[in-house]
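Throughout, read-outs are computed from the coordinates displayed, never taken from laboratory work. Small disclaimer: the values here were computed from a predicted structure and weren't measured. Neighbour counts are summed over all protein chains in view; Cβ atoms, including those assigned to glycine, are modelled from backbone coordinates with ideal geometry.
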Amino acid sequence: MYIPLSATSCQPTVFNYSTDCNECLCHGINSISTQTFAVNCLTSIRVCLFYSDSSANYSIQWNSTSDLYLFNLSTSVTTETPSFSVGWNRSGVTVAGVTGSPGIAGNLFNHPFCLALDSSNTIYVTDQPNQRVQQWVSNASTGTTVAGQANGTMGSSLEYLCYPSDLVLDSDGNLYIADAGNHRVVLWLKNASTGILVAGTGEFPDCKLIHDAFSALLGVVGSTNSQLANPFGVELDRSTNTLYVADTDNHRIMKYLSNSSSGILVAGGNGPGTGSTQLNNPRGLYFDSPTNSLFIANNYAHNIVRWVLGDSSWTLVAGSSAGVYGTTSMLLYYPTDVTFDSLGNMYVSDEGNHRVQFYLSGQSNGTTIIGTTSVSGSTPELLNTPSSLAVDSEFNVYVVDYNNYRVQEFFHY
């Protein structure tokens with residue numbers, strides 16, 4: 001006779017109990033209420049039922065009418081927080097690109113900028129000066145162009161990209177791409193050869209005039225609700241397909257409802273600054289569904305802020321509220337991206353300090369888990385201007401190492 005040790009288990013369990021209840025298949029039903037545990041164990045002639053109390057005594061019963069037995073049990077509550085190992089291998093493994101080798105070939109990047117990660121650990125990278133998005137399947141030795149042109153041709157029509165910055169995957173594997181140089185966001189459907197305009201107008205005289213994604217030429221398009229200026233961040237509420245865009249040169253975050261071409265201001269828009277109603281060059285975004293909040297890498301203000309949608313101001317999460325930058329565990333220096341793991345821990349690419357900072361859930365004091373503060377380099381232990389990051393289900397961290405032309409994976413232990 002095999003009895004599960006956890007009363008909340010929903011895994012099938014086989015009971016071998018003499019001849020009265022042979023080969024029972026049992027399921028725990030733990031969604032009726034917080035104090036009810038039910039088991040429905042069926043055979044052709046018997047129903048076996050069991051429950052466990054706090055003294056670990058077990059009871060087996062059977063009934064030939066196939067009734068469902070419900071037992072009201074006392075609630076057991078623990079206040080212990082699950083332990084989490086704050087440990088990563090400090091030596092990264094290159095999973096895309098070649099260290100120190102920029103280029104246009106499929107296995108190379110020319111300044112990779114941002115990445116997205118799917119459930120199978122396939123990575124998608126905006127290869128910015130190559131005007132394309134590259135897909136790297138796990139353990140692949142080369143990438144495949146899935147948006148833009150493989151030969152690096154830039155342009156303003158929808159089959160081209162112009163200095164693509166951020167990107168995000170929807171639940172169907174389609175890509176929303178912040179096409180920064182074209183001042184727009186495009187939706188690139190899976191296996192498509194052209195994009196679909198979903199935000200911004202793309203009205204720039206000639207993308208070929210742009211030689212630097214940070215050029216003063218950018219941001220001239222405008223600041224109306226239908227326009228963007230150098231968008232450097234995108235995020236998606238997958239439950240509603242609501243799109244959030246970091247409208248970087250307009251120092252604001254815009255929301256686009258599904259199938260709407262006009263945005264709604266949800267954060268910032270009060271000019272650049274360090275005030276709690278302002279943003280300054282916002283970059284990476286993370287949408288937290290349970291709290292209906294956006295976490296924003298507030299790049300020029302050197303902090304990470306949380307903006308509850310519907311509120312008129314942010315609250316500080318990490319860094320300085322006054323825009324002070326630095327190298328200590330409490331400060332940041334041009335943070336570019338922010339993400340969270342399944343336990344609510346936060347990860348920040350601290351670009352100017354060449355490091356990744358880790359924050360236990362609810363904490364504002366960071367721990368350097370990748371790189372060495374203020375030291376840039378190309379060895380596996382170092383980073384050079386990390387611009388984006390992602391965390392997989394095993395807490396392994398992927399980092400876009402911008403000036404080393406590679407993506408590094410750092411394994412959790």
So if each residue of separation counts as 0.36 nm, and I subtract the Cα-Cα distance between SER91 and THR277, what length gain in nm does that give? 63.0 nm
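Please arrange GLU235, GLU394 by how many other C-beta atoms lie within 10 Å of their C-beta, fewest to most. Present the calculation step by step, with values, prior to reporting the outcome.
Details: GLU235 21, GLU394 9.
Final ranking by Cβ density, sparse to dense: GLU394, GLU235.
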Around ALA147, which amide H atoms from residues at least 5 apart in sequence, or from another chain, sit under 5 Å from its own amide H, with H modelled in the peptide plane? VAL133
If you take the square roots of the eigenvalues of the alpha-carbon gyration tensor of the range 338-379 and sort them as a ≥ b ≥ c, do you get rounded (a/c under 1.5), prolate (a/b over b/c) or oblate? prolate
Could you work out how much longer the chain between THR367 and ASN139 gets when fully extended? Use 0.36 nm per residue separation minus the Cα distance between them, nm to one decimal. 79.2 nm
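If I take all pairs of Cα atoms in the range 284-352, what percentage of them are more than 15 Å from each other? Write down the numbers at each step before the final one.
Details: 1125 of 2346 pairs.
Counting pairs separated by more than 15 Å, the tail of P(r) holds 48 percent.
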In the neighborhood of VAL338, defined by Cβ-to-Cβ distances under 15 Å, what is the net charge if each Lys or Arg adds +1 and each Asp or Glu adds -1? -4
P(r) histogram, all alpha-carbon pairs of the range 93-410 included - 10 Å bins from 0, percent: 7, 30, 39, 22, 2
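Take the Cα radius of gyration of the range 259-413 and divide it by 2.2 N^0.38 Å, with N its residue count; two decimals is plenty. Each step should come with its number before you reach the end.
Working: Rg = 15.2 Å, N = 155, 2.2 N^0.38 = 15.0 Å.
It is 1.02.
Based on other C-beta atoms within 10 Å, arrange MET254, MET346, MET330 from fewest to most.
Values: MET254 26, MET346 23, MET330 12.
Ranking MET254, MET346, MET330 by Cβ neighbours within 10 Å, fewest first, gives MET330, MET346, MET254.
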Given R₀ = 35 Å, what would the calculated FRET efficiency be for ASN270 paired with ALA192, taking r from the Cβ atoms and rounding to 0.05? 0.40
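List the relative contact order of the range 93-410 as a percent without decimals, with contacts defined as Cα pairs under 8 Å and 6+ residues apart. Walk me through the numbers before you get to the answer.
Details: 975 pairs, mean separation 41.1, N = 318.
Computed value for the range 93-410: 13 percent relative contact order.
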At R0 = 51 Å, how high is the FRET efficiency between PHE411 and SER157 if r is their beta carbon distance? Nearest 0.05 is fine. 0.75
